[in-house]
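Structure first, commentary second.
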Amino acid sequence: MDKIKLPQNPGDTGWKEILHKRKVNPKLSENTNVDYLIIGGGFAGLSAARRLNQINTEAKIAVLEACEISEGPAGRNSGFMIDLPHNLASDDYLGSLEKDREQTLINRSAIEFAKNASEEYEMPPEAIQLVGKTNAAATKKGMKFNTDYAKHLDKTSESYKMLDAQEMKDLTGIDYYINGLWTPGTAMLQPALYIQRLANGVSNNSNVTIYENSPVISLEDEGRHDGEKVWKAKTSLGSISSPKVILAVNGLVERFGYFQNRLMTIFTYSSLTRELTSDESNILGGSQEWGLTSADAMGSSVRRISGMGGSRILVRNRWSYNPSMEASDSFMVSATKSHDESFKARFPMLEKVSMEYSWGGRLCLSLNNVFAQGEVDDGVYSACCQNGLGTAKGTAIGIITAEKITGTINSLVPDFVDEEVPKKLMPKPFMWLGVNSYMRWKELRAGKEK
Ligand SMILES: Cc1cc2nc3c(=O)[nH]c(=O)nc-3n(C[C@H](O)[C@H](O)[C@H](O)COP(=O)(O)OP(=O)(O)OC[C@H]3O[C@@H](n4cnc5c(N)ncnc54)[C@H](O)[C@@H]3O)c2cc1C
């Protein structure tokens, strides 16, 4: 196998920058053996580590993370841990009723697991808050999406509340939105804080060791020991041998030789303002904290946060499909400009407020909206491809994979049934042109929702 290459994470993630500096775990610098090796320290990898440790406290578990915990996509997302269907590849986020019901139960098991972890590890409240989220509409078309979504929720007996323009203003302080659909089951994360505290909690006084800044450059078959195949993961300074390996690297699983030409690595981008002064907060009005996804899947997510990093506003929009898994600098510049425009259009009263941090990050989609999961080689399991909803789905597949690899019958995610494999993609040049053209067209059509 060629040396596994690790793509860059563009820009500094504001979520991590606004936190106090944490103590980073040492790099792997020895040759060692463990019972379970997890590659990747995001939602999937750390949830797998927690679940493995719950199942067998005696087992020796190692996590190898390429960068610092929370430096990768797990600390770059917008923090919506959504319980309801949220299929980014569809116009309305929805799928079939049956599939949506099943997906909702799986996401809720993941939220429950995260909430339990936050309590057990005594995370600060802002790490995860079960406060729901609002699907915001700035246009009549967006409002129609919300109305249709509500009809779908009626059919699945889910609760929600429709907000009119005044209620949206009361919530956000701005009069940009004409309608909102609030659903109660979403947990809002400070993603970098949650993932850092999950890593600390899972490795504190346990048999779990987390190595940071330790990218795996190869995973090789080391032959059989006591009848079991053993795998050796090498980093530049050391190696870990284990009969059981979990790949929790999302779309990068392709670089380990699995699911090739079946996964799309897409980038999306965010910016976070500088801290608002108390005068600016008063001028803005509204609640101190809220989270809006867009009624149009190509629109902007917008959040107001008020925690350790002060009162700030986050804008996330723009998508790019990069089969090379590298986001170009020029696209990063264009996305940052787009965040400024979306911010100015929504918050004219905050004309002196600018963005302090801008960043991009990877997520992974499959054409048929399924995980890239299961045993892919003797003792090697994949917990990848979260289809954009990685905070919940990544957590779920981490739990499921830990249970599978240990043969655990009592699942914390009882509603999961094995899915089909991700569908094959067309050749990369066609995919690049097709997906990017399609996304650009959809972004244009999103209009004021962006
Ligand atoms: C700007 C942005 C906004 C988003 N908003 C949301 C949102 O609001 N809600 C939501 O649910 N999702 C959101 N997402 C998607 C979400 O962040 C991802 O789906 C999620 O992080 C996937 O979790 P994961 O654990 O599977 O993978 P990751 O979080 O990508 O973790 C995989 C880890 O593996 C490590 N790794 C890769 N290769 C190697 C190697 N060779 N050796 C060692 N380690 C390796 C990486 O460094 C990475 O830390 C967003 C993403 C972005 C970029």
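At a glance:
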| quantity | calculated |
| --- | --- |
| Cross-chain or 6+ apart pairs with Cβ under 7 Å, the stretch 359-383 first and acidic (Asp, Glu), then at pLDDT 95 or above | 375/381; 378/229 |
| Enumerated strands (runs of 3 or more DSSP E) restricted to the stretch 332-394, each holding at least 3 residues that are touching a helix residue (DSSP H, G or I) at 6+ places or on another chain (Cβ under 7 Å), within 9 Å of the ligand (Cβ to nearest atom) and of a type outside the set (Val, Ile, Thr) | 355-365 |
| Complete set of residues in the stretch 237-262 that are of a type outside the set (Lys, Arg) and assigned to a loop (DSSP other than H, G, I, E, B) | 237, 238, 243, 248, 249, 257, 258, 259, 260, 261 |
| Scan of the stretch 259-273 for residues that are crowded, with 19+ Cβ neighbours inside 10 Å and more than 11 Å from the ligand (Cβ to nearest atom), ordered by number | 259, 262, 263, 264, 273 |
| Residue check, residue 436 touching a strand residue (DSSP E or B) at 6+ places or on another chain (Cβ under 7 Å), surrounded by fewer than 24 Cβ atoms within 10 Å (Cβ to Cβ) and assigned to a loop (DSSP other than H, G, I, E, B) | no |
| Residue in the stretch 200-220 that is of a type in the set (A, V, I, L, M, F, W, C), within 16 Å of the ligand (Cβ to nearest atom) and in contact with a Leu (Cβ under 7 Å, 6 or more places away or on another chain) present | yes |
| Hey, residue 326 among the acidic types (Asp, Glu), part of a loop (DSSP other than H, G, I, E, B) and within 15 Å of the ligand (Cβ to nearest atom) or not | yes |
| Subset tally (residues that are among the aromatic types (Phe, Trp, Tyr) and either in contact with a Lys or Arg (Cβ under 7 Å, 6 or more places away or on another chain) or more than 8 Å from the ligand (Cβ to nearest atom) (or both)) for the stretch 27-73 | 1 |
| Of all residues making up the stretch 224-240, the number that are at pLDDT 95 or above and not hydrophobic (A, V, I, L, M, F, W, C) | 7 |
| Wholly within the stretch 12-112, strands (runs of 3 or more DSSP E) carrying at least 1 residues that are surrounded by 24 or more Cβ atoms within 10 Å (Cβ to Cβ) | 36-39, 61-64 |
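The values are calculated or read from the model by the stated rules, or taken from the named source; none is laboratory data. Since the model is a prediction, treat every value here as computed from it, not as a measurement. Ideal geometry is used to build each Cβ from the backbone, glycine not excepted, and the neighbour counts take in all protein chains shown.
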